[in-house]
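Working notes, beginning with the structure itself.
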Amino acid sequence: MEHHSFAHATVQGMRQYHRLRRGVVSWLWIVWALAVADPAMAQNLLVGPFRMNLGFTAGADFRDNANLSENHPKADVLLSVGPTLSGGVFLPFSGGEEFTLTVAATYSHSLTGAQSDSFGAPLNASLILPIYVAEWNVVLSDSFSFENDPLDSTFAVNRTRLAEYSNIASASATRQLGKFSTTFAAQRTDDIFPSDPSQEETDYLFSFTPAYFFREGYSVFIRNAYGISYLADPTLRDSTGYSTQLGLNGQITKSLNGTISLGWSHLDLAATPTNGIDHIDGVSSQVAVNYMHPLRPNTTHTLTFFHDPGLTLGLKNSSITAATGVSYIIAHRLNRYMTLAPSVGWTHLESLSGSREIADLVVVGVSLQRQFTKKLTGSFAYRYQTRSSNLSGQSYDVNEVTVNFNYTF
């Protein structure tokens, strides 16, 4: 169900908002390139059940503050090259459903030496397997990613690299009963930072979501979730909590579709030798909508908003962080070959324990995608990002210009 997929994905996604946003922007042009390619070119690697699309990407990235420093910024240019692979595996069971797979890897080299060379930024793999059991729609999935860019994190400052491994394993079961549906879901998330183990954590999330469909593709739902977070840093406090959200999902109007929800969240911070159990309560809300004006079908507006009173490890040396964020993107198709996408985003983070840091991140950018031939596409992007913190040495400003080309064999 779409409403479940959105809520399920955003629980951990809000804490890593900038990493996900960066991933979306980085891969937008690749996905778009594959989508507009000639159907005959869509699958160039056919081996047994594998139906894959093999390609190659190359690009350059300039930053005037590559080390994200408040006082001594260093400029740098990175050159990146690597293969891309996307497609699926057609399995002989599960009603002919496809076992989807997307993999990409790049190698980056610094021209100035301000940053060390790196491999696998980004590297992504996702597996999704739908299975029909009796009248239940069961979906098993696992996604793995590796990032090595501190600019994509809410907490990394004064460094040129931040290796992060993330794995999300989930299972959900949905049953439709006329206009009603019921979804049960479970998820485990592991975040690993080899160079910064204090940020590592393991989360478990369990949810129950009943929904009522007013019409096809339009529903109201009540999502109830219970979560457990284990933090690697012994000085930080593990937490348990629950939340309830009431929301709308689907084709809200002819021009507006998405998910809107509002609810309440409660967290319990584990006791320490000097402190008892602390309780954190507050309103939680999420909005993710797309709008396309009927008189201007080539322009799509996307608005995303969230507020969460208790995210785990949103800021460094903090068990719990209150977070509020909003982003707005316009995707305008100039012609059949070019798409222009300006964007703006703001995230406010406030530590509720530990460091007591308060930080704001603002991102303003614009990207341009261009299809040169049926096999060759490219993109140009500019981004300005600023981080303002009440702690000394934790603020920065950076301008970034990125050029990429993608070729499909």
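The values are calculated or read from the model by the stated rules, or taken from the named source; none is laboratory data. Quantities reported herein were computed from a predicted structural model and do not represent experimental measurements. Neighbour counts run over all protein chains shown; Cβ positions are idealised from the backbone, glycine included. These area figures cover heavy atoms from the full protein model, side chains too; ligands, DNA and RNA do not enter into them. Shrake-Rupley method; radii C 1.70, N 1.55, O 1.52, S 1.80 Å.
Obtain the nm distance between the two label points defined at Tyr384 and Phe305 by a simple spin-label model: each point lies 7 Å from its Cα along the Cα-to-C-beta direction.
2.4 nm
Hey, for a label at Asn44 modelled as a point 7 Å past Cα toward Cβ, could you say which residues of region 372-388 have their backbone N under 20 Å away?
Those under the cut-off are 372-379.
Compute the distance in nm between two label points, each set 7 Å from the Cα along the Cα-to-Cβ direction, one at Asn298 and one at Leu85.
3.8 nm
How far, in nm, would the chain grow between Glu135 and Ala169 when pulled straight, counting 0.36 nm per residue and subtracting the alpha carbon separation? It would help to have the intermediate numbers written out before the result.
Values: separation 34, 0.36 × 34 = 12.24 nm, distance 2.31 nm.
Contour length minus the Cα-Cα distance gives 9.9 nm.
Per 0.36 nm of contour for each residue apart, how much would the distance between Leu256 and Glu216 grow if the chain were fully extended, relative to their Cα-Cα spacing?
Values: separation 40, 0.36 × 40 = 14.40 nm, distance 1.49 nm.
Gain in length upon complete extension: 12.9 nm.
Can you work out the FRET efficiency for the pair Ala271 and Asn335, with r the C-beta to C-beta distance and R0 = 60 Å, to the nearest 0.05? Each step should come with its number before you reach the end.
On the way: r = 62 Å, r/R0 = 1.03.
Once rounded, the FRET efficiency stands at 0.45.
I want to check the label-to-label distance for Arg159 and Ser285. Put each point 7 Å from Cα in the C-beta direction and report it in nm to one decimal.
In this crude label model, Arg159 to Ser285 measures out at 3.4 nm.
Accessible area per residue of region 251-317 at 1.4 Å probe, in Å²? Don't jump to the answer; show the numbers that get you there.
On the way: 3490 Å² over 67 residues.
Value for region 251-317: 52 Å² per residue.
May I ask which residue of Ala288, Asn404, Ser351 lies farthest towards the positive end of the charge dipole of region 272-409, with charges of +1 (Lys, Arg) and -1 (Asp, Glu) on Cβ and the Cα centre as origin?
Asn404
Using a 1.4 angstrom probe on heavy atoms only, work out the carbon and sulfur share of the accessible area of region 98-227 in %. Write out the running numbers ahead of the final one.
Numbers: 3770 of 5760 Å².
Solvent-exposed carbon and sulfur of region 98-227 make up 65 percent of the total.
Would you mind telling me the share, in percent, of accessible area of region 310-409 contributed by carbon and sulfur at probe 1.4 angstrom? Each step should come with its number before you reach the end.
Values: 2660 of 4190 Å².
So the carbon and sulfur contribution to the accessible surface is 63 percent.
Rounded to whole Hz and in sequence order, give me ³J(HN,Hα) for region 393-409 from the Karplus expression 6.51 cos²θ - 1.76 cosθ + 1.60, θ = phi - 60°, writing x for Gly and Pro.
Each residue of region 393-409 in turn: x, 10, 10, 6, 10, 8, 10, 9, 10, 10, 10, 9, 10, 10, 10, 9, 5 Hz.
Relative contact order for region 216-257 using alpha-carbon pairs under 8 Å, separation at least 6, rounded to a whole percent? It would help to have the intermediate numbers written out before the result.
Values: 55 pairs, mean separation 20.1, N = 42.
Over region 216-257, the number comes to 48 percent.
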